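A.B. asks: Okay, handing you the structure first.
The values are calculated or read from the model by the stated rules, or taken from the named source; none is laboratory data. Bear in mind the structure is a predicted one, so any value in this text is a computation, not a measurement. Cβ placement follows ideal geometry from the backbone for every residue including glycine, while neighbour counts extend to all protein chains displayed.
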Amino acid sequence: MHTPVHYRIVAHNPSAHLFEVTCTIADPDPQGQRFSLPAWIPGSYMIREFAKHIVTLAAECGGRAVPVEKLDKDTWHCAPCAGPLAVRYLVYAWDLSVRAAHLDVTHGFFNGTSVFLRAHGRERRPCLVDIAPPSGDAYRNWRVASALAREDAAPYGFGRYRAADYDELVDHPVEMGTFALATFEACGVPHDIVITGRHDGNLPRLCRDLQTICEHHIRFFGEPAPMERYVFLITVVGEGYGGLEHRASTSLLIGRDHLPRDDEAPVDETYRTFLGLASHEYFHTWNVKRIKPAVFVPYDLSREAYTRQLWAFEGITSYYDDLALVRSGLITIESYLELVGQTITRVWRTPGRMRQTVAESSFDAWTKFYRQDENAPNAIVSYYAKGALIALALDLTLRRETNGEKSLDDVMRALWQRYGRHVLGVPEGDIERMAAEVANLDLAPFFAQALHGTADLPLADLLAAVGIQFQLRPAESDSDKGGKAAGKPVETLARRAVLGVRLAEGVEAKLAHVFDGGAAQAAGLSAGDVIVSLNGLRATRASVDKLLARHRPGDRVHVHAFRRDELMEFEVALQPPPADTCVLSLDAAANPGQQARRAAWLQRP
Ligand code: ZN
């Protein structure tokens, strides 16, 4: 048994946003010990170079300084010493996202990937972590929330925690402060809800609804749950939305309005969004934290880990997140169809879907999906959104081709049994092979089109088989996300004149995206241009729609716009709006067979 790697992290100076961390190795590498900080965090596929936030770093052994040489952007080499070797460093923590670390006088939060150096060659050793509060009376009431196992720390207390190895250490984010805390059990597993930030959410309601979701997912894969406890770490801000999955917890950043205030009221749109996010991250406890790409076993956090499978790990998870809400009765079928209609709309409004496959989108996530620029809608497709539609199409295909005997549910459970339970990585192509094997079908043509092709999925046919009508119509306005019937007849919508752009947030009519084949692009307008007038009338973000409403498709309008500081004039031939907005509805004329298939798909198992 090797001696553990010991870490001590202190919320050293909250006003300066500095954690102080000490990593001690009893028996450092005789050739000189190397340390690295990860370049990325699992679940967020982008090189983030967390080491840039290390402000100072020094090493000592037996009271004497040890020379340290920096080898590259995130690796340090300590001169040979007999040990124990202690490396002490300050980490600047001022990133209020789920991906990094944040410390101020109100709270502290960190992911291990931002604060814990990896001792090369010692990755498999157990880790001990002492977590200490800032000093001073002001912090007397601070507590700790994390799914890290407690060594001698009291529940929610500062003190000593432990992890089996480095991989586990950095997969348990830690929150400290005066958070709100609520608890519930799901299938016998204790769950904590930890909320940081001012909020007026109804905690009993939240517990009840999250319990419903958690029990649904646990039973989906089969009891017992793979974790001993689970923690929802929630940061509430004015406006925000994001989540990151971990093996026994999740970090969520949400807007204040996302939390429910009422005990009984039906799930509204914002709360539905929150429940979908929580459901998504919780499903990841199985799909990606345990059923995971082979290239993630183990993670190499020093460089990009390329996989063509993110469509499955994010797309299938995105499919089941909302599906769980309707199957567990939290939302109605109509509400669920609205969400699916919105996802279809998002994909159908992306010209890039005709250029990039989801396999390519997964592979290039590091440089494209995670680093989207103004041309992204024309060049790429989301492996989340299209991946979710592939999961939907696959599920409905399996159900149809096996007369309801098999579904994607069976494929996921088979993946769990074969790979997830033992955390064996899934080789490229095995999800496709597993689906074919479970359903005893030749799915090669399906996957060739869905994963490696760019043609639209045959969703209208597949949905018709379960008594759901698929319709495409023009958007009603720029804020029309789809999913709902329009307030006006389609003929009226088709008379709306459009520019083929998406405007940036703000007061000005600044072009965020210019769509391929659209009127603006044809006239020479570019992303970044600021439109200041249309046919001589002043244009702002708020007034563009109103100005366009004076025209019909085919009209030519004079547009003045600034490109950088140069005023330019364009003649734009306005176009009709594309029919890219999807509405799904229950087919009132569905026959009993269609109704039965729909019930088998959407109702509680
Ligand atoms: Zn996800």
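A.B. asks: Hey, any hits in the stretch 264-282 for a residue that's within 16 Å of the ligand (Cβ to nearest atom) and of a type in the set (Phe, Trp, Tyr)?
C.D. replies: Let us first name the residues in the stretch 264-282 that are within 16 Å of the ligand (Cβ to nearest atom), namely 273-282.
Imposing the further condition that a residue be of a type in the set (Phe, Trp, Tyr) reduces the set to 274, 282.
Looking for residues that are within 16 Å of the ligand (Cβ to nearest atom) and of a type in the set (Phe, Trp, Tyr), one finds at least one in the stretch 264-282, hence yes.
A.B. asks: For the stretch 579-596, what are the residues that are under 31 Å from the mean Cα position of the chain (by Cα) and either charged (D, E, K, R) or crowded, with 18+ Cβ neighbours inside 10 Å (or both)? Let's see the steps before the verdict.
C.D. replies: Keep residues of the stretch 579-596 that are under 31 Å from the mean Cα position of the chain (by Cα), which gives 579-586.
Passing the criteria: Asp580, Thr581, Cys582, Val583, Leu584.
A.B. asks: If only one of Tyr306, Tyr370, Tyr384 is aromatic (Phe, Trp, Tyr) and touching a strand residue (DSSP E or B) at 6+ places or on another chain (Cβ under 8 Å), which one is it? Show your work before the answer.
C.D. replies: On the way: Tyr306 fails: touching a strand residue (DSSP E or B) at 6+ places or on another chain (Cβ under 8 Å); Tyr384 fails: touching a strand residue (DSSP E or B) at 6+ places or on another chain (Cβ under 8 Å).
So the residue among Tyr306, Tyr370, Tyr384 that is aromatic (Phe, Trp, Tyr) and touching a strand residue (DSSP E or B) at 6+ places or on another chain (Cβ under 8 Å) is Tyr370.
A.B. asks: Of all residues in the stretch 575-605, which are out of contact with any Lys or Arg (no Cβ under 7 Å at 6 or more places or on another chain), closer than 25 Å to Val498 by Cβ and part of a loop (DSSP other than H, G, I, E, B)?
C.D. replies: Pro576, Pro578
A.B. asks: Taking the stretch 231-252 as the search range and keeping residues that are in contact with a Phe, Trp or Tyr (Cβ under 8 Å, 6 or more places away or on another chain) and under 21 Å from Pro155 (Cα atoms), which one is nearest to the ligand (Cβ to nearest atom)?
C.D. replies: Going through the qualifying residues, I end up with Thr250.
A.B. asks: A further question on this structure: When both residues are 6+ apart or on different chains and their Cβ atoms are under 6 Å apart, which pairs have a first residue that lies in the stretch 235-251 and is buried (at least 17 other Cβ atoms within 10 Å of the Cβ), and a second that is assigned to a strand (DSSP E or B) and hydroxyl-bearing (Ser, Thr, Tyr)?
C.D. replies: If the second residue must be assigned to a strand (DSSP E or B) and hydroxyl-bearing (Ser, Thr, Tyr), the pairs left are Thr235/Thr196; Gly243/Thr250; Leu244/Ser251; Ala248/Tyr230.
A.B. asks: Right, here's the next one. Give me a count of the residues in the stretch 286-299 that are more than 11 Å from the ligand (Cβ to nearest atom), part of a loop (DSSP other than H, G, I, E, B) and touching a strand residue (DSSP E or B) at 6+ places or on another chain (Cβ under 8 Å). Outline the logic, then answer.
C.D. replies: Keep residues of the stretch 286-299 that are more than 11 Å from the ligand (Cβ to nearest atom), which gives 286, 290-299.
Checking the rest, the ones that are also part of a loop (DSSP other than H, G, I, E, B) come to 286, 290, 292, 297-299.
Now narrow it down to the ones that are touching a strand residue (DSSP E or B) at 6+ places or on another chain (Cβ under 8 Å): 292.
Total satisfying the criteria: 1.
A.B. asks: Restricted to the stretch 300-345, and to residues that are within 16 Å of the ligand (Cβ to nearest atom) and in a loop (DSSP other than H, G, I, E, B), which residue is surrounded by the fewest Cβ atoms within 10 Å (Cβ to Cβ)?
C.D. replies: Ala305
A.B. asks: If you go through the stretch 28-59 one residue at a time, how many are on the phi < 0 side of the Ramachandran plot and assigned to a loop (DSSP other than H, G, I, E, B)? Give the steps one after another, and end with the answer.
C.D. replies: Initially, the stretch 28-59 is screened for residues on the phi < 0 side of the Ramachandran plot, giving 28-31, 33-42, 44-48, 50-59.
So of that shortlist, the ones also assigned to a loop (DSSP other than H, G, I, E, B) come out as 28-31, 33, 37-40, 42, 45-48.
Final tally of qualifying residues: 14.
A.B. asks: Looking only at the stretch 31-54, decide whether some residue is touching a residue at least 60 places away in the same chain (Cβ under 8 Å), within 24 Å of Trp142 (Cβ to Cβ) and within 16 Å of the ligand (Cβ to nearest atom).
C.D. replies: no
A.B. asks: Considering only the stretch 74-97, state which residues are assigned to a loop (DSSP other than H, G, I, E, B) and in contact with a helix residue (DSSP H, G or I) (Cβ under 6 Å, 6 or more places away or on another chain). Walk me through it before giving the result.
C.D. replies: First, pick out the residues of the stretch 74-97 that are assigned to a loop (DSSP other than H, G, I, E, B): 74, 79-84, 93, 95-97.
The one that is assigned to a loop (DSSP other than H, G, I, E, B) and in contact with a helix residue (DSSP H, G or I) (Cβ under 6 Å, 6 or more places away or on another chain): Asp74.
A.B. asks: For the stretch 445-455, which residues satisfy the criterion of being touching an Asp or Glu at 6+ places or on another chain (Cβ under 8 Å) and surrounded by fewer than 21 Cβ atoms within 10 Å (Cβ to Cβ)? Show your work before the answer.
C.D. replies: To start, the set of residues in the stretch 445-455 that are touching an Asp or Glu at 6+ places or on another chain (Cβ under 8 Å) comprises 447, 451.
Phe447, the sole residue that qualifies.
A.B. asks: I've got another one for you. Pairs needed: first member in the stretch 384-404, at pLDDT 95 or above; second member anywhere, within 16 Å of the ligand (Cβ to nearest atom) and β-branched (Val, Ile, Thr); C-beta distance under 7 Å; at least 6 residues apart or different chains.
C.D. replies: Listed by first residue and then by second, the contacts come to Ala385/Thr343; Lys386/Val358; Gly387/Ile316; Gly387/Val358; Ala388/Thr343; Leu389/Thr343; Ile390/Val358; Ala391/Ile316.
A.B. asks: Hey, could you check the stretch 11-30 for residues that are more than 18 Å from Thr113 (Cβ to Cβ) and acidic (Asp, Glu) and say which is surrounded by the fewest Cβ atoms within 10 Å (Cβ to Cβ)?
C.D. replies: For the stretch 11-30, the residue satisfying everything is Asp27.
A.B. asks: Output the residues belonging to the stretch 295-352 that are β-branched (Val, Ile, Thr) and in contact with a His (Cβ under 9 Å, 6 or more places away or on another chain). Spell out how you get there, then give the answer.
C.D. replies: To start, the set of residues in the stretch 295-352 that are β-branched (Val, Ile, Thr) comprises 295, 297, 307, 316-317, 326, 331-333, 340, 343-345, 347, 350.
Within the stretch 295-352, Thr317 is the sole residue that qualifies.
A.B. asks: Which condition number in (1) closer than 23 Å to Tyr383 by Cβ; (2) at pLDDT 95 or above is the one that Tyr271 fails?
C.D. replies: The number of the failed condition is (1).
A.B. asks: Test Arg208 against the stated conditions and say whether it is of a type outside the set (A, V, I, L, M), away from the ligand (no atom under 16 Å from the Cβ) and surrounded by fewer than 17 Cβ atoms within 10 Å (Cβ to Cβ). It would help to see each step written out before you state the result.
C.D. replies: Details: of a type outside the set (A, V, I, L, M): yes; away from the ligand (no atom under 16 Å from the Cβ): yes; surrounded by fewer than 17 Cβ atoms within 10 Å (Cβ to Cβ): yes.
Yes: the conditions hold for Arg208.
A.B. asks: Scan the stretch 121-137 and tell me whether some residue there is on the phi < 0 side of the Ramachandran plot, hydroxyl-bearing (Ser, Thr, Tyr) and in contact with a Gly (Cβ under 8 Å, 6 or more places away or on another chain). Break it down stepwise before answering.
C.D. replies: In the first step, residues of the stretch 121-137 are kept if they are on the phi < 0 side of the Ramachandran plot; the result is 122-135, 137.
Add one more test, that the residue is hydroxyl-bearing (Ser, Thr, Tyr), and what stays is 135.
From the residues that got through so far, the ones that are in contact with a Gly (Cβ under 8 Å, 6 or more places away or on another chain) too are none.
Within the stretch 121-137 (the criterion being on the phi < 0 side of the Ramachandran plot, hydroxyl-bearing (Ser, Thr, Tyr) and in contact with a Gly (Cβ under 8 Å, 6 or more places away or on another chain)), the answer is no, since none of the residues qualifies.
Residue-by-condition table, conditions (1) surrounded by fewer than 17 Cβ atoms within 10 Å (Cβ to Cβ); (2) modelled with pLDDT of 95 or more:
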residue	(1), (2)
Ala82	yes, no
Val87	no, yes
Asn111	no, yes
Ile131	no, yes
Ser135	yes, yes
Arg140	yes, yes
Arg143	no, yes
Gly159	yes, yes
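A.B. asks: Being modelled with pLDDT of 95 or more, of a type in the set (D, E, K, R) and within 15 Å of Ala450 (Cβ to Cβ) is true for just one of Arg327, Arg371, Arg353, Arg346. Which residue is that?
C.D. replies: Result: Arg353 is the single residue among Arg327, Arg371, Arg353, Arg346 that is modelled with pLDDT of 95 or more, of a type in the set (D, E, K, R) and within 15 Å of Ala450 (Cβ to Cβ).
A.B. asks: Please tell me if Leu275 is over 23 Å from Asp171 (Cβ atoms) and buried (at least 20 other Cβ atoms within 10 Å of the Cβ). Don't jump to the end; show me each part of the working.
C.D. replies: On the way: over 23 Å from Asp171 (Cβ atoms): yes; buried (at least 20 other Cβ atoms within 10 Å of the Cβ): yes.
Considered against the rule, which asks whether it is over 23 Å from Asp171 (Cβ atoms) and buried (at least 20 other Cβ atoms within 10 Å of the Cβ), Leu275 comes out as yes.
A.B. asks: Something else now. Given the condition part of a loop (DSSP other than H, G, I, E, B), closer than 23 Å to Ala579 by Cα and of a type in the set (Ser, Thr, Tyr), answer yes or no: does some residue in the stretch 364-382 qualify?
C.D. replies: Yes, there is a match, as at least one residue in the stretch 364-382 is part of a loop (DSSP other than H, G, I, E, B), closer than 23 Å to Ala579 by Cα and of a type in the set (Ser, Thr, Tyr).
A.B. asks: In the stretch 158-188, how many residues are touching a Cys at 6+ places or on another chain (Cβ under 6 Å) and part of a strand (DSSP E or B)?
C.D. replies: The initial filter retains those residues of the stretch 158-188 that are touching a Cys at 6+ places or on another chain (Cβ under 6 Å), namely 163, 169, 182, 184, 186.
When the remaining residues are screened for being part of a strand (DSSP E or B), the result is 163, 182, 184, 186.
Count: 4.
A.B. asks: I'd like the full set of residues that are of a type in the set (S, T, N, Q), crowded, with 19+ Cβ neighbours inside 10 Å and more than 16 Å from the ligand (Cβ to nearest atom), limited to the stretch 362-391. I'd like the intermediate steps shown before the answer.
C.D. replies: Of the residues in the stretch 362-391, the ones of a type in the set (S, T, N, Q) are 362, 367, 372, 375, 378, 382.
If we keep only those that are crowded, with 19+ Cβ neighbours inside 10 Å as well, we get 362, 378, 382.
Asn378, the sole residue that qualifies.
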